[in-house]
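Quick notes on the structure that follows.
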Amino acid sequence: MSLILGIETSCDETAASVVEDGRRILSNVVASQIDLHAQYGGVFPEIASREHVLKIIPVIEEALKDAGILFRDLAAVAVTHGPGLAGSLLVGVNTAKAIAFANDKPFIGINHLEGHIYANWLESAVETFRRNVSTAENQFPLIALIVSGGHSEIVLMRAHNDYARLGHTLDDAAGEAFDKVARLLGLGFPGGPAIQKAAEAGDPNAFALPRAWLPGTHNFSFSGLKTAALHLVKSFGNAPLPVADIAASFQNAIADVLVEKTLRVAQEHHAAQILLAGGVAANTRLRAQMIARAPVPVLIPPPKLCVDNGAMIASAAWWHFARGEQSGWDLDVVPSLRLQNTDDRGQTAVSKEQ
Ligand code: KG4
Ligand code: ZN
């Protein structure tokens, strides 16, 4: 039995979790800064890192207490070292190094996007989709759609911890588009949950908003959709804004593109399953559409494991740990770290910065 402490401070959540053997969550503590940043309509980097400095030790203490363990019971300490905000990542990485060093434990740096994917292998995620699991778990190749506030990527996995990035966004990330359109509609921050809520009372086909299919590539672009939403809002002038219908139409357009493009890649690469990951994977319409339309099993973490947390970092780290891999004390933060260690033909490639 190996207990890994996973620490996550890449953006605006200070999070720590203890996970047993990559799957069983013993504790999962998340201190969100949403209220602090809401007044700016987005994450304010310096405030984020200062808040991590204040919260990191209490959050880790709570995670150990909830799990009923001491530092000496840990097999390893894992932490997100990119991508993310440099000042925020530094707090987590230095704290993790200090804990690992002082307790003579292996230290493992994890790619945040890899963490999002591994939320799918946590026990509570697996339970949610038990009907798929007996056949789907550990089946490769698989296609992962990672959609968060900073990323929209389609990744091919041929084995655990093996990634080939096949598509990415050319401009805004899906979550960023949700956040920006929510601001246009006066719905507040973070925009994803607010749009989802407003959309419940709206007609998803009320307005025809554009879909950027970008034929011949697996890439995404959401800036045209965002601009179309802006023009639509302006077209109402001083008349009352049909917020619910716009929110529903926007959510429909974005889910449509994400689902359709993921299904195409999955078909092309004969994927055995599809995984959804990242904050936007909490979106009910995206989840429902993907499950309804996919010809192969779809795994999606429960909503609270889709958004940033430490359990997903501990889970991803376990698969590295099990192979005897660990990071050096010279591990740096890499704000634009990419998720790619093989190219799409399965050749090993060096993981580069963007
Ligand atoms: O993965 P995450 O917690 O942080 C990043 O790594 O970026 O994702 C946050 C993003 C935000 O843009 C938020 O608006 C979006 O995920 N999000 C959602 C939903 N819940 C969170 N987007 C759509 N629908 C949701 N229910
Ligand atoms: Zn994230």
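Worth pointing out:
- Full-extension gain in nm, residue 284 to residue 71, via 0.36 nm per residue minus C-alpha separation: 72.9 nm
- Here the range 1-115 is described by how far its Cα atoms reach on the three principal axes: 44, 25, 23 Å, from widest to narrowest.
- Percent of Cα pairs exceeding the 35 Å cut-off, where the set is the chain: 21 percent
- Heavy-atom accessible surface of the range 138-299, averaged per residue, reaches 38 Å², computed with a 1.4 Å probe.
- The length gained on full extension between residue 323 and residue 341, counted as 0.36 nm times the residue separation minus their Cα-Cα distance, comes to 4.9 nm.
- Flagged links, alpha-carbon separation over 23 Å, of 234/261; 65/304; 105/304; 197/261; 180/234: 234/261; 105/304; 197/261
- Modelled label reach - residue 38, point 7 Å along Cα→Cβ, the range 172-208 residues with backbone N closer than 17 Å: 179-180, 182-198
- The apolar share of the surface of the chain, taken as the fraction of accessible area on carbon and sulfur atoms (1.4 Å probe, ligands and nucleic acids excluded), comes to 53 percent.
- Label sites at residue 47 and residue 272, each approximated as a point 7 angstrom past Cα along Cα to Cβ, lie 4.6 nm apart.
- For the chain, built as a Gaussian network whose Cα springs stay under 10 Å, the top-fluctuating residue of 119, 15, 229: 229
- Spatial separation of Cα centroids for the range 80-119 and the range 298-338, in angstrom: 8 Å
- Considering only chymotrypsin sites (Phe, Trp or Tyr not before Pro) in DSSP loops that have at most 10 other Cβ atoms within 10 Å, the longest stretch of the chain without any of them is 41-328.
- The mean accessible area for residues of the range 1-115, using a 1.4 Å probe and ignoring ligands and nucleic acids, is 39 Å² per residue.
- Longest site-free stretch - the chain; sites: trypsin sites (Lys or Arg not before Pro), DSSP loop, at most 11 other Cβ within 10 Å: 1-322
- Counting only DSSP H runs of at least 4 residues, each contributing -39500 (n - 2.57), and dividing by the residue count of the chain, the helix-based mean residue ellipticity at 222 nm comes to -13000 deg cm²/dmol.
The values are calculated or read from the model by the stated rules, or taken from the named source; none is laboratory data. Just so you know, these numbers come straight off a predicted model, no measurement behind them. In this analysis, Cβ positions are derived from the backbone assuming ideal geometry, glycine residues included, and neighbour counts consider all displayed protein chains. Accessible surface is based on the protein model in full, side chains and every heavy atom, while ligands, DNA and RNA are left aside. Shrake-Rupley method; radii C 1.70, N 1.55, O 1.52, S 1.80 Å.
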